[in-house]
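One structure below.
Values quoted throughout were computed directly from the atomic coordinates according to the rules given, and no laboratory measurement underlies them. Quick caveat: nothing in here was measured; it's all calculated off a predicted structure. Here Cβ is always computed from backbone atoms with ideal geometry, including for glycine, and neighbour counts include all displayed protein chains.
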Amino acid sequence: MQLVQKEENNFFNQFKDWYEDRHEYAKAWKERTGGKVIGYFCTYVPEEILYAANILPVRILGSHEPQDVTEPHIFAMFCPFCRDCLAQGLKGRFDYLDGIMIAQSCLHIRQAYTSWDLHIPTDYSYYLPHPMHVQSPHAIPYLKDELIQFKKSLEKWIGHPITEKDLKNGSELMNKNRRLMNQVYELRKKPNPPLTGLEAMYMVVSSQMIDKEEHNSELEVLLQKLPSRDIGDPGERLIIIGSEDDDTKFIEMVEDLGATFVTDDHCTGTRYFQEEVNPSEDLMTAIAERYVKRVPCPSKDWPKRTRLDHIMRMSKEYSVQGAILIQQKFCDPHELDTPAIKEKLEDKGISTLFLEFDVTVPIGQFKTRVEAFLEILREEDLF
Amino acid sequence: MMSKAKYPSEKLKSWGKAKILRENYYRDFAEAHDKGGIRWAGGAWSFDAIPAGLGEDVWCLTGEPYGATIAFNKDLALECQEAIETKGYARDLCSYMRNYWGSIILNKYAWPQFSEEFPKPDFMWQDHICCSHAKWYQVASDLEGGIPMYSIDVSVGPYEELTESRINYVVGQMHDGIKWLEKQTGRDYDDELLIKAVHNEFRSCHYWAAICELNKTIPAPLDEKTMYALYVLGTLRKSSQWTADFYEKELYPEVKSRVERGIAAVENEQCRIMTDTQPPWAFLKVFRYMEKYGCVSIGSLYTFSLIGLWEDREDGTWGPRAIPEIEISNRDEALRALAKWNLSKPEWQHFYHPKLKSEMMIRIAREWKLNGALLHFNRGCEGLSLGIAENRLAIQKAGFPVMPFEGNMGDEREFDLTRTMTRIDAFMESLGIKKLVD
Amino acid sequence: MTVIGIDLGAKNTKVVILREGEILTTASALSGFDQKASADEAVNNALKSVGIARDEIKHITATGAGMDAITFANDTVTEISANARGIFTVFPSVRTVIDVGAEEGRAIRLNDDGKVVDFGINEKCAAGAGAFTEAMARALEVELEKMGEMSLKSTKAVPMNAQCTIFAESEVVSLIHQKTPKEDIIRAVHDAIADRITSMARRVGIEKEVALSGGVANNIGFVNSMTRNLGYDLLVPRDPVMPEFIPAYGAALLAQDKLNGG
Amino acid sequence: MANSESKEYWRWTESRWTNPDLDWKNGDIISAGVDVGSVSTQSVVMVDGEIFCYANMRTGSDSPDSANNSMNWALDGTGLPLDKIEYAVGTGYGRVNVPFAKRALTEIACHARGANFMYGPSIRTVLDMGGQDCKAIRCDNRGKVTAFLMNDKCAAGTGRGMEVFADLLQIHINDVGQMSLVDEEPEPVSSTCVVFAKSEAVALLRKGWTKETVLAAYCGAMAHRVVTLLERLGVENDFAITGGIAKNIGVVSRIEEELKITAPEPSIDPQLAGAIGGALFGKALVEKAKKKA
């Protein structure tokens, strides 16, 4: 949908600016606070522990530009996203990082981390083993022990202990951010959602790179004004499902064609923030529980495919008419779920369009597919 | 023109036995139900010693060697792959897995002499370290209309950093798995059979490594193409008596005798290389082509340690991991020993960092006295190709020339034989090795 | 001592005649369906142009994709070795040579003695080779020869990530429909090939000096994109041979080495 | 290369036609569809839903010009002025660049609608084999698209792929299909990349294959790829083929053979399907507007 570009309507400009100027932001943050910044590779990284240590976690994402520097390090059969991420490091764009870390998830992104670890000097580097069998009762105690070990390693690095109170603050800060973004998403269920999918994307992705304290303040301001905002008829209500996605150009192209994304199942979207850490005496267990029980990345979603029911529930709550299934090229975990998801959605009468993303997407070719998809959803005047 | 052979050579006698054992395995699986037995399917790395406790009439079908069997049959492989693409599964997924799924939906067994139809397993028993492991059987279960599956996550970090908590996580899943097996089959679990299977597995993994170690000799008694036909038994059922006995009592003595008598696998050996990852199965003639250069592939980290277990010895060399001298008296002890044994598997280490694999590959290059390495950048296997580009850089840095080549272990559409042979020519030229035969 | 090097490539067959290390002549002909006949004809034409009889030739070394078809050659050598030998003679300072032919791109790293230490070939994709520019020239309705010059007039980098030649063509068509200036599209085409080639070359390890060989090295637009990628100037042979003759020249030099007991 | 290029074996013949039995002056609604494809452009003018005239031309590098040229050629000699066309719809790659069109619709919607017109309402599956992509489309009895798939990773199953061979073998594209009908099907060729397939074809010719056998192998390979796409979508009867390749009997007959389905013979040039669909949508849009008024 076309947004009226009135000054008071630009509610999301701050998020967009943060997203676009992420590196400047992080450098300024360091300057201002004197704190450390850790780059992380996957949303299974427990940011509450980093916040508890006064460390700014910044998610490492790509830049969507063709590049020629990763070929020596990552075999071309691995996903373009992990290569794009590594390219950022090799090109020196994250020079300000004090450390890097990953929590174990898919094999692809792991290579961005390990090659970074091998070739780009940083002060601190941590590989957090993380259960893949999250449906096993043994996953929580195992992860809890891993989190304790990680915390110890962090304490050694920063030179002081992380107290229970710090952990509590970290969790509350993260929870508040999650709660506020959930409130914004709640508004997307309305017949006329007051925000576009592109705006939502800027909001969530920026939360992965901005001090949550600041992000929360901005969200609070937003939530004051947003419920009364009117941007008109959303057109077709779409959900976008798949792997990591911060391809704003694609989202913008689809919404320019008159449809609106009303929700998503992305790790740059709902999978990142839906669940909170339950307040508890045993915070480490509570944190472990949160990451074991969150809506999983498909690499961890077995033996049952729990994500299917979740997607169906969301589609109903958000009155979804069509689903765009996207996936980073060569992303095995998503490729292993796509046929099942497609079948389930179509069973419920929700049409799907599948697209494979690369570092850049061919907007011209994709536009034809998306338009044809929207034509399927539109009865209107042609027949 | 053939110059006079540099070394004596003779056929490996055990090769025929290995072939028979492999055939028996596929026949037994097909016929299991006729004998009132149980059949299960799972990965080659799954803990096959555990279902062994269900009885002596339990047979299995491991997915990777089965996918490779299909790959040998080009027509069937293509048929399987196209059938599964039609179902909407991506072409870049693991090619063993696609071959296996194709076999299910076509309902064709790769051993038609034993069964025309794909023999449906009673349950799936898997392990998980590669993203395609548990999901492989999740989809297989869908395709077969919901066969129950259990999978054990073993991706708990490198062996050198193993903690009690990590072992507990794995062993906890194993205990749950046994309860699950009892529930699925309605049988009582026999710990004695488990303990016996664990001991067999120790022997299989130890002796296979011991056999590979013999290839440090010049001339090498075995070439990798032959080794493929031998290591496969360990991937079929490493905890079986027949695998352990074959490795310990037949193959090891024969290869040892070849060493003592100076028997070469390649009679004009003048260049020693290793490879990496599964080869493109439909094109093993590449190895025969290299023999024209007097080039022998002595194996790879893949053939050595997919099943073989290794350790540092006091003299600093790499040799077979010693069989644990422990008394196992109950289920928990057996499972713990099994977990610790498997978690040391060299082929499981690179999942956390390529440098762990590079170190092992470089020591192979040094201790097996190699001229270079041919790395198969295998589009068919994300798990074993993980970090391979970094391995290449590290091996080169250690002073060994490397020739990478792209291909696919199970999908011949992604391998170009002519281009690969041209590349081998260029590599041999750069090593200064002259062709002995045209 | 007169020797010949023949490079039977995917598109053209190149011949270099060498006498005591000096180039007597070079010749090029389309590689026809009958490769042996094409090679024969190319050799005969070259010999005729300098008035040398066939039996004066002491040794013929063949290289290139079709080298095995040249049954009258005394021996064959891969393009990798031929290229290395050729370029190192022209530019002894070269440590990396990037060779882009009609259907293949290669990168070769040399040591101080001109010996090959590593090489890479682009795998299974023509997007990093000359055929790509040809296809794009057609989609753009621009003469192939003008592509290089036109791309220099570009003012804007347009990202293009297509790997498949035909899909790149439709990306080009989309760009045309979006009214993107042709100059910018042509630059995007050259950037796309250069990116793929540089990627592959980085795998081999790029060490200075870097030289370009193969027919595509005559395309100034491509050279420009490569220079931009690497951040320094590349050497392009002009004398004694043009870039597309480097492998044939190398093969001739190897033929000479052979006679000298190398 | 320059030689074969100038002969342009790969180009389809241009054509135009006027319906001798129709007088536009008696018509109620005059609508048009213009399909600006990557290789060719078609304009179709319809009078009350019947084809009045059409032109099929190659696409130049400027799409508004291509659209104008083909429409002018279609109208040439008919006496129908452009401004009498009440509603024109643009489709194809250049759909937004048709200067006189009121609306742009995708070629997927238009081909399905066009196939419904050309082959009747029982058509449920349409295969549109265009210049640079290939689409498998499922539609209902009105020709409305219900699902579709496009070739994603590789262009081997497209018209461009076939043109490369026409060029290489120096056989006019119109004749490729007929020539490929050999007595015995050759072994399948392996290469999927159009560029590498080309050098593979050269190698086959060098091995002594005839041009006919090489063409048979490639028509077979193309048919096979397309069938894979169709099977992924699921083929429901009746089945029709539109687009340039529908004129290639070598590919069509092999698709039919693999699917064990016969596609109806086209009575109208199947390359026009998109433009016809566009013109029919134009007519529907006029009718709806009138009803509203």
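Computed values, structure above
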{"item": "On Cα atoms only, tilt of A:212-225 relative to the major axis of chain A in degrees", "result": "30"}
{"item": "Long-range HN-HN contacts of D:Cys134 with modeled amide H, under 5 Å", "result": "D:Asn151"}
{"item": "Stretchable slack from A:Lys225 to A:Asn54, in nm (0.36 nm times residue separation minus alpha-carbon distance)", "result": "58.5 nm"}
{"item": "Relative contact order for chain C, counting Cα pairs under 8 Å that sit 6 or more residues apart, in percent", "result": "25"}
{"item": "Degrees, to the nearest 10: B:191-213 long Cα axis against longest axis of chain B", "result": "10"}
{"item": "Average beta carbon contacts from partner chains per residue of A:74-82, 10 Å cutoff", "result": "6"}
{"item": "Electrostatic dipole magnitude of the stretch B:91-150 [Cβ: Lys, Arg +1; Asp, Glu -1; Cα centre; debye, to 20]", "result": "180"}
{"item": "Computed [θ] at 222 nm, helices only, for chain C once each DSSP H run of length n ≥ 4 contributes -39500 (n - 2.57)", "result": "-13500 deg cm²/dmol"}
{"item": "Percentage relative contact order, chain A, counting C-alpha pairs under 8 Å, at least six apart", "result": "20"}
{"item": "Net length gained if the chain between B:Ala322 and B:Glu56 were fully extended (0.36 nm per residue, minus Cα distance)", "result": "93.0 nm"}
{"item": "Alpha-carbon centroid distance for the pair the stretch B:247-281 / the stretch A:161-234, whole angstrom", "result": "63"}
{"item": "Proximal charge balance of C:Lys153 [Cβ under 12 Å; K/R count +1, D/E count -1]", "result": "+1"}
{"item": "Residue order, fewest to most surrounding Cβ atoms within 10 angstrom, among B:Glu390, A:Glu218", "result": "A:Glu218, B:Glu390"}
{"item": "Check: the stretch D:123-267 dipole with +1 on Lys, Arg Cβ and -1 on Asp, Glu Cβ, in debye", "result": "460"}
{"item": "Span from the the stretch B:164-210 Cα centroid across to the the stretch A:294-361 one, whole angstrom", "result": "35"}
{"item": "For B:Leu76, C:Leu175, order by how many other beta-carbon atoms lie within 10 Å, fewest first", "result": "B:Leu76, C:Leu175"}
{"item": "Sorted by Cβ neighbour density within 10 Å, fewest at the top, the residues A:Thr260, B:Thr317", "result": "B:Thr317, A:Thr260"}
{"item": "Listed residues B:Leu78, B:Gln126, B:Leu93: farthest to the positive end of the dipole of chain B (Cβ charges)", "result": "B:Leu78"}
{"item": "Lys, Arg +1 and Asp, Glu -1 on Cβ, resulting dipole of chain B about Cα centre, debye, nearest 20", "result": "1460"}
{"item": "Rounded to 5, percent antiparallel among DSSP beta bridges of the protein assembly as shown", "result": "40"}
{"item": "The stretch D:231-257-the stretch A:260-286 distance, computed between alpha-carbon centres (Å)", "result": "48"}
{"item": "Nearest 10 degrees, 0 to 90: helix C:79-90 Cα axis against chain C principal axis", "result": "80"}
{"item": "Sum of -39500 (n - 2.57) over DSSP H runs of 4+, divided by residues of chain A (222 nm, nearest 500)", "result": "-14500 deg cm²/dmol"}
{"item": "Environment charge at B:Ile152 (Cβ cut-off 10 Å; Lys +1, Arg +1, Asp -1, Glu -1)", "result": "-3"}
{"item": "Efficiency of FRET from Cβ geometry, B:Ser257 and B:Leu284, R₀ 35 Å, rounded to 0.05", "result": "0.85"}
{"item": "Distance in nm between pseudo-label sites at A:Thr285 and D:Phe100 (7 Å out along the Cβ direction from Cα)", "result": "7.8"}
{"item": "Local electrostatic count at D:Arg103 - Lys and Arg +1, Asp and Glu -1, tallied over other residues with Cβ under 15 Å", "result": "-2"}
{"item": "Relative contact order computed over the stretch D:123-267 (Cα-Cα under 8 Å; 6+ residues apart), in percent", "result": "32"}
{"item": "Spin-label pair B:Gln270/A:Glu317, simplified geometry with 7 Å Cα→Cβ offset, distance in nm", "result": "7.2"}
{"item": "Calculated FRET value between B:Glu314 and B:Arg413, using beta carbons and R₀ = 41 Å, to 0.05", "result": "0.25"}
